Each structure stands twice: as C-alpha cells, then as structure tokens.
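Colleague: Right, I'll just put the structure down here and ask away after.
What follows is calculated from the coordinates using simple rules that are stated; it is not laboratory data. No experiment lies behind these values; they were computed from the predicted model shown. Ideal geometry is used to build each Cβ from the backbone, glycine not excepted, and the neighbour counts take in all protein chains shown.
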Amino acid sequence: MKPWPTGGLWRHPDFVKLWSAQTVSQFGTQFTLLALPLAAIDVLHASAFEVAALTTVEFLPFLLVSLPAGVWVDRLPRRPMLVVGDVARAALLGSIPVVYGLGQLTIWQLYGVAFLAGIATVFFDVAYQSYLPSLVERQQLIDGNSKLEISRAAAQLGGPGLAGVVVDLLKAPAAIAFDAVSFVGSALFIFSIRKEERPARRHDAPPSRMRDELREGLRYVFTHPFLKNIAACTALFNFFGNLGFAVLLVFARRKLDLSPLAIGLALTFSNVGPMLAAFNAHRISSRLGVGRTIIAASILGGPMFLLVPFAPHGNAALTVLVPAFLAGGFSNVIYNVTQISLRQAITPERIQGRMNSVMRFIVWGTIPLGSFLGGVLASQIGVKQTLIVGGIGCCLPFLPVLFSPVRAIREMPEPVDEAAAVLAPLVADAAVVPAEHPGG
C-alpha cells in the first residue's frame, strides 16, 4: 500500500502547504466558535441581545471593508496578506485568555476582538479565495476546494467535541488560546509556500483610482447572470440562517438545558454530513451538472433549520439537532464547493480579488444584519419564535438560482476572454456555457 496518494493535488507541494494551513486554522476555529459566545453567556452572563450583537460585530467588517479589501488584494501579492491576517488574528484572540486570567474580561473586549479579528478575516478570506486559482489549474479547482472543505469538515467533526471538553475544564476564555496557536501554525505553513504568484495586474497597466476599480468589480458581479443570482441565494440564506444562529446557543443552554460538552458533541456528530459532502462534492456535481447541483443543494438545506426550535428538552434534543445539522451541513458544503469553484473558474485573474470581495460584501454583509435582527426578535418575541422565523426564511433562498441561467450549466465553463468577461458578461457566458434544452 502506498503511504501517500500519487495523483492530482496530493503531489502538489504548495497546495498541500495551503491545505495544511487550512486544516490547522479550521481546527482551532472550532474552539472560538463555541468558546467566544459561551464566554459571553456563562462568564459574563450576557443577555440574548448582547450575545447576538457579538455575531453582529464580528461580521460587520464584511459590510465596511470588503469592497476596498478586494482592490488591495488585486493590487498586492496575496500570500503575504494571508500571513499577516493569520498573525493578526492570533494576537487578537490571544489577548482574551490573558485578560481573563487577570480578572479584567468584559463584553466590550469581546466586541473589540471580534471586530478587529473580523477585519483581518475579511482581507484573509478575499485573498485566500483569490489565491487558489493562481496556485492550481482551472480543472483542479473543484478538487482543490473539495480538499479544503474536507479540512473544514474534519475540523468540525473533531473540534467541537474537544472544544466542549476544554470549555468544561478550563472555562471558555482559556479555550480560545487554542485558536490563537492554530493561526500561528497556519501562518508558518503559508509562509513556506514557494510558488511565485502571477501578477494579477500587468506591470505596464496604467494606475487607476480605487473608485474606478471598485466600480469595475461591482459591475462585473451585478451584471453577471451567474454571479448575481448566486449572490442573492447565498445572501438570503446567510441572513435568515444567522437570524437564528445568533441565538442558537442561548436556546441550547437556557431553553434546552444542554451542557457545553453536549453542545460540542452535537456539533461533532452532525459534522459527519459536511465530511461526506466534501469527499463527494466533485462526484455529485459531475453527475448532476454544476447548475443542478447548486440548485438542489440550496433547496435541501433550508428546511432542516425548521426542526431546531422544536427539539425536546434536555439531552433528548440531540435526536433532533444532530440529524438536522447533519443534513443541513451536507447540502451547504455541496453548495459552497460547487458555487465557489464556478466563480473562480469564470473570473479573470486580474479581477479575482474584487469579485470575491463584492461577493463577500453581499453574502457575508447580510450576516450582521441577520444576527442583529435575531437579537431584537429574541428580546421581543422569544428565542424559540426567532428560530422559527429564521427556519422559514431559510426555505426561500433557492428561488434566485432556480429562475436563472445557473440551471443551464452542465460542466465547469472554460476560461473566457478577460475583456469580454468584464465588459460584456452576458455575451461571454452565452458563448461558453452549453445550452440546456428545455425539459432536458
């Protein structure tokens, strides 16, 4: 038996380093996803609105700085930007256990760390999604994104359970130190990548104003028949999903009476779904076609969230939460791998950063709005009722992609002429996407 696979990206040393960085940081992130809100709930005894506001503050930078971040990602080398983003988040998150140990932790520090780490995450994520197409070939994008999702799914499978144990033993603020260390490890892996980046901008290209570059990125996404509908679908799901997720841990702790360990185990077992999806995303999209895969995944994911508010009290709630999260996570990963790979494949290299930043602005910009509304609704109508509203809303996002040209995409489109892609996306896509016969 061969100790290491020999095909595809397994023998791509720089991709393996990027993949390793993703694996390390994603595992550490599971500690913060559980420990940060639990620090507010259990240590600082925050209200449901204050806990929801933590999510709002964390994702607010996607509304404030995503668009200019895309311009800088297209102007500057992306690998150093990834390293700086990891180091910054390590320092910010590391401050929480230090201040907690001094007995000075406040909700305002959690807000400050969440906001500043969110800014670093904006630059990191835009650069990260723009960096992959320069590291691997176009036909390897789905394989590459699938492997990166395997890391995320594996981390979600093992991370929450261990995080729950650590939170039980050391308290939530101390558990966040594990995430800080993981970002240091990620930075070291990315720093060791040796492949030279292709310049996103030609050296002889005349300098342009940020306003003009922003306008070009916005026009590209909002006039593109694929991107604008994918953005609408993802934004709707993120809005309603985070309307409920913002108060989910409050519901689990105070209404269902689940311990941090039980919550961590629920997340661990339910993440079998995303793991299976990450391994099979390429196979599913090849069999169903790219467009049909995106539409089917967007239909199946939403109804699972309607089950959550009707979970029984106590540990019996796991019999509802685990299957709901498992099925929802499976469909979400299939959707994300396929639509992100499509976006990367059809977008010219020089505008990758702005495309990703505009998409992030749209689809993650709805997260603080949804979480803020979730906190308001929870304080007005109750936590369970807020989860019901979010679940109903999650059943609607498939509509923009169902009634759009996305449904006609069978295979990943070939690269298109850069000028045509920016100035006339409708013509370019009509030329490269195989037309699907009505009813075929």
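Colleague: Post the alpha-carbon centroid distance, the stretch 329-389 to the stretch 39-58, in whole angstrom.
Modeller: Cα centroid to Cα centroid, the span is 21 Å.
Colleague: To continue, here is another question. Mind pulling the angle between the C-alpha long axis of helix 366-381 and the longest principal axis of the chain? Nearest 10 degrees, somewhere in 0 to 90.
Modeller: Result, in degrees: 30.
Colleague: While we're looking at this one, here's another question. Which residues make up the longest stretch of the chain clear of GluC sites (Glu not before Pro) that lie in a DSSP loop with no more than 16 other Cβ atoms within 10 Å, not counting the sites?
Modeller: My reading of the result: 198-410 is the longest stretch.
Colleague: Two-decimal Rg/Rh of the stretch 306-382 from alpha-carbon positions, Kirkwood Rh?
Modeller: So for the stretch 306-382, dividing Rg by the Kirkwood Rh gives 1.13.
Colleague: OK, next. So how far apart, in nm, are the two label points at Arg287 and Thr223 if each is 7 Å from Cα heading toward Cβ?
Modeller: It works out to 4.0 nm between the two label points.
Colleague: Once you have the Cα-Cα distance between Asp257 and Arg407, take 0.36 nm times their residue separation minus that, and quote the gain in nm to one decimal.
Modeller: 49.7 nm
Colleague: Where Rh is the Kirkwood radius over the Cα pairs of the stretch 354-411, the temperature 37 °C and the viscosity 0.692 mPa s, what D in µm²/s does Stokes-Einstein return?
Modeller: It comes out at roughly 239 µm²/s.
Colleague: Could you work out how far helix 210-223 tilts from the main Cα principal axis of the chain, as a 0 to 90 degree angle to the nearest 10?
Modeller: Orientation of helix 210-223: about 90 degrees from the principal axis.
Colleague: If only Cα atoms are counted, what is the Rg of the stretch 1-106, and what is its Dmax, in Å?
Modeller: So, for the stretch 1-106, Rg and Dmax equal 18.6, 55 Å respectively.
Colleague: As a check on your grasp of the helix formula, calculate [θ] at 222 nm for the chain: sum -39500 (n - 2.57) over DSSP H runs of n ≥ 4, divide by the residue count, round to the nearest 500.
Modeller: My calculation for the chain gives -23500 deg cm²/dmol from helical runs alone.
Colleague: If only Cα atoms are counted, what is the Rg of the stretch 110-154, and what is its Dmax, in Å?
Modeller: Spelled out, the Cα radius of gyration and Dmax of the stretch 110-154 are 13.7, 42 Å.
Colleague: Okay, next question. Using the Cα gyration tensor of the stretch 244-337, with a ≥ b ≥ c the square roots of its eigenvalues, what is the shape: rounded (a/c below 1.5), prolate (a/b larger than b/c) or oblate (neither)?
Modeller: prolate
Colleague: How high is the FRET efficiency from Arg11 to Leu399, r the C-beta distance, R0 35 Å, rounded to 0.05?
Modeller: The formula returns an efficiency of 0.25 here.
Colleague: Take the alpha-carbon centre of the stretch 225-290, take the same for the stretch 170-199, and report the distance between them in whole Å.
Modeller: What the calculation gives is 24 Å, centre to centre.
Colleague: Calculate log10 I(q)/I(0) of the chain for q = 0.06, 0.07, 0.08, 0.12 Å⁻¹, where I(q) comes from the Debye formula with a single equal point scatterer on each Cα and nothing for solvent.
Modeller: At q = 0.06, 0.07, 0.08, 0.12 Å⁻¹ the computed log10 ratios are -0.24, -0.33, -0.43, -1.02.
Colleague: Helix 290-301 versus the longest principal axis of the chain: what is the Cα-based angle in degrees, 0 to 90, to the nearest 10?
Modeller: 10
Colleague: Alpha carbons only, please: Rg and Dmax for the stretch 205-275, in angstrom.
Modeller: 20.4, 61
Colleague: Counting residues in the stretch 323-422 as N, plug N into 2.2 N^0.38 Å and put the Cα Rg over that result.
Modeller: Normalised Cα radius of gyration, the stretch 323-422: 1.37.
Colleague: Once you charge only the Cβ atoms, +1 for Lys and Arg and -1 for Asp and Glu, what is the size of the charge dipole of the chain about its Cα centre, to the nearest 20 debye?
Modeller: 240
Colleague: What is the distance, in nm, between label points placed 7 Å from the Cα along the Cα-to-Cβ direction at Met210 and at Leu76?
Modeller: 1.1
Colleague: If I take all pairs of Cα atoms in the stretch 72-164, what percentage of them are more than 22 Å from each other?
Modeller: Result for the distance tail: 47 percent.
Colleague: Given contacts defined as C-alpha pairs under 8 Å and at least six residues apart, what's the relative contact order of the chain, whole-number percent?
Modeller: 27
Colleague: Which one of Leu256, Leu102, Leu169 has the biggest mean-square fluctuation once the chain is modelled by GNM with Cα springs under 10 Å?
Modeller: For the chain, modelled as a Gaussian network with Cα springs under 10 Å, the answer is Leu102.
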